[in-house]
Ligand code: XIL
């Protein structure tokens, strides 16, 4: 196949990238985007600080720009993200518990309604688990004021607003099977499935160091998939982008039937949030790097 998207499609998967609305006017960028990728995640444009900068004031313009681009070029969209402790406007953290609950419900409802029918999968809750050995939720305005049930509540609300979108839980450092954080998320998904809390997918961000994925990554994906959810690699980037690290990552996905697709977190190294790490598949000039060929061959 002549592109990442076409190669992934041969096995029914997608290959996506994060997109910044502000870069769509750069023709080098948009040429690669439209040639290689058939799934798009807005890098920042659907986050709470952009979409509801003050209470009840919604701004979907930047997100719409990306959605319109995707529609015009036959690309699907991942929605990112509805409930997250980062890029959260100050007014949200200042609310009382009951106000926070209604603000969260309203935020999910308004944003999902606006984009209804245009989103393949939503990251309903992002990064709710703590780093380190606790296996518990991290402290956040949501956790601290609404308690453990805020995740379940968010998923139930999301399902009621758009029953056709897939609903994902998304996090980083949950790729190594034996880590407490991985086990915490796994137990949550297992519990949700046992109690019919609506969840369809788990996103593994896959922000890797130069060594690439942990050797247990495929096991982790297999074990989550066995709970009855799709698994997706949602924000892949690898310090220094070695060909073998990228190949191992892609292999972990393609060996798991329910691994639905892979998204890299940007197009050129110069587009990456990891400044100076050159973690992506295209160089600053938009030329494919060795890792690009390695990914294409592994798909
Ligand atoms: C990053 C963006 O790439 C940056 O532009 C922004 O300044 C900070 O957020 N986990 C996530 C993504 O879920 O939304 C983050 O994206 C990277 C870590």
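Yes or no, residue by residue, for (1) at pLDDT 95 or above; (2) within 13 Å of the ligand (Cβ to nearest atom); (3) more than 14 Å from residue 37 (Cα to Cα); (4) crowded, with 19+ Cβ neighbours inside 10 Å:
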{"position": "252", "(1), (2), (3), (4)": "yes, no, yes, yes"}
{"position": "263", "(1), (2), (3), (4)": "yes, yes, no, yes"}
{"position": "267", "(1), (2), (3), (4)": "yes, yes, no, yes"}
{"position": "271", "(1), (2), (3), (4)": "yes, yes, yes, yes"}
{"position": "281", "(1), (2), (3), (4)": "yes, no, no, yes"}
{"position": "287", "(1), (2), (3), (4)": "yes, no, yes, no"}
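The set of residues in region 220-234 that are in contact (Cβ under 8 Å) with a residue 40 or more places away in the chain and part of a helix (DSSP H, G or I) comprises 220, 223.
Listed here are the residues, each with its yes/no results for (1) crowded, with 22+ Cβ neighbours inside 10 Å; (2) touching a residue at least 40 places away in the same chain (Cβ under 8 Å); (3) under 20 Å from the mean Cα position of the chain (by Cα).
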site	(1), (2), (3)
146	no, yes, no
159	no, no, yes
164	no, yes, yes
175	yes, yes, yes
183	no, yes, yes
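Scanning region 196-213 for residues that are in contact with a helix residue (DSSP H, G or I) (Cβ under 8 Å, 6 or more places away or on another chain) and either more than 16 Å from the ligand (Cβ to nearest atom) or outside any strand (DSSP E or B) (or both) yields 197, 198, 199, 206, 209, 210, 211, 212, 213.
Kindly establish whether residue 237 is in contact (Cβ under 8 Å) with a residue 12 or more places away in the chain and closer than 25 Å to residue 117 by Cα. In short, no. Restricting region 1-53 to residues that are touching a residue at least 60 places away in the same chain (Cβ under 8 Å), within 11 Å of the ligand (Cβ to nearest atom) and part of a loop (DSSP other than H, G, I, E, B) leaves a set whose member that is nearest to residue 64 (Cα to Cα) is 46.
Filtering region 100-119 to residues that are surrounded by 14 or more Cβ atoms within 10 Å (Cβ to Cβ) and farther than 15 Å from residue 154 by Cα leaves 114, 115, 118, 119. Against the definition (modelled with pLDDT of 95 or more, in contact with a strand residue (DSSP E or B) (Cβ under 8 Å, 6 or more places away or on another chain) and more than 16 Å from the ligand (Cβ to nearest atom)), how does residue 229 come out, yes or no? Yes; evaluated as a whole, the condition is true for this residue. Scanning region 236-250 for residues that are within 15 Å of the ligand (Cβ to nearest atom) and not in a helix (DSSP H, G or I) returns 236, 237, 238.
The values are calculated or read from the model by the stated rules, or taken from the named source; none is laboratory data. Everything quoted here is computed from the prediction, not taken from an experiment. Cβ coordinates were reconstructed from backbone atoms using ideal geometry, including for glycine residues, and neighbour counts include every protein chain displayed.
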